[in-house]
1. Check whether at least one residue in the stretch 326-339 is more than 30 Å from Gly262 (Cβ to Cβ), buried (at least 18 other Cβ atoms within 10 Å of the Cβ) and modelled with pLDDT of 50 or more, and report yes or no.
2. Between residues in the stretch 89-109 that are on the phi < 0 side of the Ramachandran plot and modelled with pLDDT of 95 or more and residues that are assigned to a helix (DSSP H, G or I) and polar (S, T, N, Q), which pairs lie under 6 Å by C-beta distance while being six or more apart or on different chains?
3. Could you tell me which of the residues Leu64, Leu49 is out of contact with any helix residue (DSSP H, G or I) (no Cβ under 7 Å at 6 or more places or on another chain), closer than 26 Å to Gly192 by Cα and of a type in the set (A, V, I, L, M)?
4. Taking the stretch 367-394, which residues are part of a loop (DSSP other than H, G, I, E, B) and either without any contact (Cβ under 8 Å) to a residue 40 or more places away in the chain or among the acidic types (Asp, Glu) (or both)?
5. Checking the conditions here, which among Asp297, Asp281 is modelled with pLDDT under 95 and either more than 27 Å from Pro109 (Cβ to Cβ) or buried (at least 19 other Cβ atoms within 10 Å of the Cβ) (or both)?
6. Give me a count of the residues in the stretch 209-219 that are farther than 12 Å from Gly100 by Cβ and either surrounded by 10 or more Cβ atoms within 10 Å (Cβ to Cβ) or in contact with a Phe, Trp or Tyr (Cβ under 6 Å, 6 or more places away or on another chain) (or both).
7. Filter the stretch 544-587 down to residues that are surrounded by 18 or more Cβ atoms within 10 Å (Cβ to Cβ), β-branched (Val, Ile, Thr) and free of Cβ contacts under 8 Å to residues at least 60 places away in the same chain, then give me how many there are.
Amino acid sequence: MPPTPRSTPRPIHRPAGAEHPPHRLDALLARLYRHRGLAGPLDHRLGALHPFEQLHGIDAAAALLADHIQTQRRLLIVGDYDADGATGTAVALLGLRALGAGALDFLIPSRFTDGYGLGPAVVDAAAERQPDLLITVDNGTASHAGLARARERGLPVLITDHHLPGADLPEAAAHVNPNQPGCPFPSKHLAGVGVIFYLLIATRAELRRRGWFQTRAEPNLAELLDLVALGTVADVVTLDANNRILVEQGLRRIRAGHCRPGLRALLEIAGAQLARVSAGDLAFLAAPRLNAAGRLDDMSAGIACLIADAPLEAMHQAQALHTLNQERRTLTQRMHDEAEQLLARHDPAHADQRPDQRAGQPPDQRPAGLCLFAEDWHEGIIGILAARLRERSQRPVIAFAPGRDGQLKGSARSIEGLHLRDCLAAVDNAHPGLITRFGGHAMAAGLSLPRNALDAFRTAFATAVGNALGPNPATPVLHSDGALGPTLLNLPTAEALRLAAPWGKGFHEPLFDGPFQLSAPRLLKDRHLKLRVHPEQGPPLDAIGFNLAEQHPRSATRAQLVYRLEVNDYRGLRSPQLIIEQLEPLPN
């Protein structure tokens with residue numbers, strides 16, 4: 001998980017007692033869990049999941065779905081073009097097939113021509129297939145116009161979603177969303193794939209009650225948890241206790257070799273070892289290859305990979321996704337380089353210079369929220385670009401690209417403490433008509449603007465962000481688990497940390513800090529910092545800081561490092577390695 005470059009060091013926050021490094025692995029793990037709010041060991045039993053009955057509306061949705069399954073009516077899944085929507089669509093198709101559904105089909109809106117959600121044009125395209133029921137996955141909560149079109153055409157819609165609703169919910173045959181008003185489900189962080197998985201469980205219970213499985217085998221829906229884990233991790237939802245169970249159970253199936261051929265192929269092409277797969281491998285190896293289909297082409301290709309039953313077909317599909325991802329990486333790097341140049345024009349301190357070269361320069365003059373646009377940027381890549389620039393600048397960022405409808409399409413990423421959708425709503429309320437459409441949640445959103453509205457929107461967005469954050473916004477900090485004792489700076493600890501928990505948003509990967517002697521610093525590809533680090537006790541280790549060229553220690557031979565302890569697997573040789581998040585030179 002490469003860290004992102006930052007121009008100035010961030011303060012380090014350590015919980016009380018973290019200055020005393022543990023010297024045993026069990027004590028280290030206990031500390032890590034305690035730092036994340038747990039009083040005892042992790043509980044990853046499937047039986048510890050919140051019961052589906054707590055989801056508002058799920059009984060009606062399960063009954064509706066059971067009716068259509070028993071009468072073999074035509075079902076059409078309308079998914080989304082990201083990894084959450086793709087895995088959710090695949091889970092719906094595989095799960096409904098296992099429950100005994102008859103005619104099944106799916107439809108994924110185009111990112112480029114349809115945009116997000118169940119719009120009227122998508123409903124029209126769906127109606128041509130003559131389904132008896134539309135089932136949305138990872139969308140629908142904000143699709144008022146689409147639901148109105150479906151009612152006009154006499155087409156019932158069952159919504160499964162997890163996005164935050166607006167002031168009113170659209171009228172649907174059934175609606176399952178843990179974030180809808182009045183829903184008592186304790187976990188508000190289910191991904192879209194998690195919501196459809198819960199609906200399948202509820203539908204199985206309803207069919208069982210009706211005696212449906214007296215003449216057919218009852219499916220083990222846990223077989224879908226590998227895809228549930230992938231979609232949950234890929235959507236970067238908070239890994240609360242419920243989501244950690246879903247992810248961990250999926251990871252255990254993958255490590256045991258019980259996963260879909262398509263997911264196995266994606267991981268193998270990326271070089272992952274199935275027996276040691278972690279949540280990070282899902283996030284940074286499998287998910288980008290799956291997402292590449294929706295970003296550059298058609299997510300139907302990604303779904304075809306996930307639902308393929310034959311290993312050879314799955315590998316063929318995964319190879320095509322891998323090729324798309326290589327193209328995506330090239331585009332992303334070019335756009336990132338161009339964005340850096342745009343930012344440097346507005347703030348010389350942002351340019352890639354050493355900290356000592358920045359002394360005496362004027363303070364950061366950039367607005368509170370950044371909006372960037374270039375005519376040749378790719379609409380499918382701007383979300384990645386916005387996320388990178390958000391980390392770089394520690395500001396909310398919206399990256400815009402020309403849309404195929406003549407509008408500008410924007411993808412926005414926020415910082416902690418700023419609710420992005422609320423911020424866009426504030427702009428919309430203050431300047432009606434400035435934004436054509438928008439949607440999203442606290443940390444990410446999408447929007448469309450008329451081309452001639454960009455300058456006015458830039459100003460309005462910066463003002464809204466400034467109003468929301470106030471005159472003294474919180475300074476971003478690095479949350480360290482403290483020092484790591486020299487007896488634990490080794491391969492067994494790195495191996496144990498990989499598998500100790502599904503690390504991710506809200507349950508962050510262990511981060512440590514401490515002083516080290518430095519030697520042999522060098523740059524790789526002019527962007528990555530490679531060096532040897534020497535703890536105060538014990539043997540030296542290799543270390544690398546991705547995109548940290550600007551933190552090259554130059555003449556310094558000692559530094560305070562903030563780092564992760566990971567496994568470097570090079571040609572079958574495994575060794576411990578520090579992944580540097582931040583380097584601050586210390587007096588020699």
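The values are calculated or read from the model by the stated rules, or taken from the named source; none is laboratory data. Because the structure is predicted, anything quoted here is derived from the model rather than measured. Ideal geometry is used to build each Cβ from the backbone, glycine not excepted, and the neighbour counts take in all protein chains shown.
1. Quick first cut of the stretch 326-339, residues more than 30 Å from Gly262 (Cβ to Cβ) only: 337-339.
From what is left, the residues that are buried (at least 18 other Cβ atoms within 10 Å of the Cβ) are 339.
With modelled with pLDDT of 50 or more added as a condition, the list becomes 339.
There is at least one residue in the stretch 326-339 that is more than 30 Å from Gly262 (Cβ to Cβ), buried (at least 18 other Cβ atoms within 10 Å of the Cβ) and modelled with pLDDT of 50 or more.
2. Here the result reads Phe106/Thr89; Ile108/Ser300, each pair linking the stretch 89-109 to a residue that is assigned to a helix (DSSP H, G or I) and polar (S, T, N, Q).
3. On the way: Leu49 fails: out of contact with any helix residue (DSSP H, G or I) (no Cβ under 7 Å at 6 or more places or on another chain).
After applying the criteria, what remains is Leu64.
4. Ala374, Glu375, Asp376, Glu379
5. Working: Asp281 fails: modelled with pLDDT under 95.
Within the list Asp297, Asp281, the selection yields Asp297.
6. Of the residues in the stretch 209-219, 1 are farther than 12 Å from Gly100 by Cβ and either surrounded by 10 or more Cβ atoms within 10 Å (Cβ to Cβ) or in contact with a Phe, Trp or Tyr (Cβ under 6 Å, 6 or more places away or on another chain) (or both).
7. 1
Yes/no matrix, rows are residues, columns are (1) farther than 28 Å from Asp80 by Cα; (2) aromatic (Phe, Trp, Tyr):
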{"site": "Trp377", "(1), (2)": "no, yes"}
{"site": "Ile382", "(1), (2)": "no, no"}
{"site": "Glu391", "(1), (2)": "no, no"}
{"site": "Asp405", "(1), (2)": "no, no"}
{"site": "Ala425", "(1), (2)": "no, no"}
{"site": "Leu447", "(1), (2)": "no, no"}
{"site": "Asp455", "(1), (2)": "yes, no"}
{"site": "Thr459", "(1), (2)": "yes, no"}
{"site": "Asn467", "(1), (2)": "yes, no"}
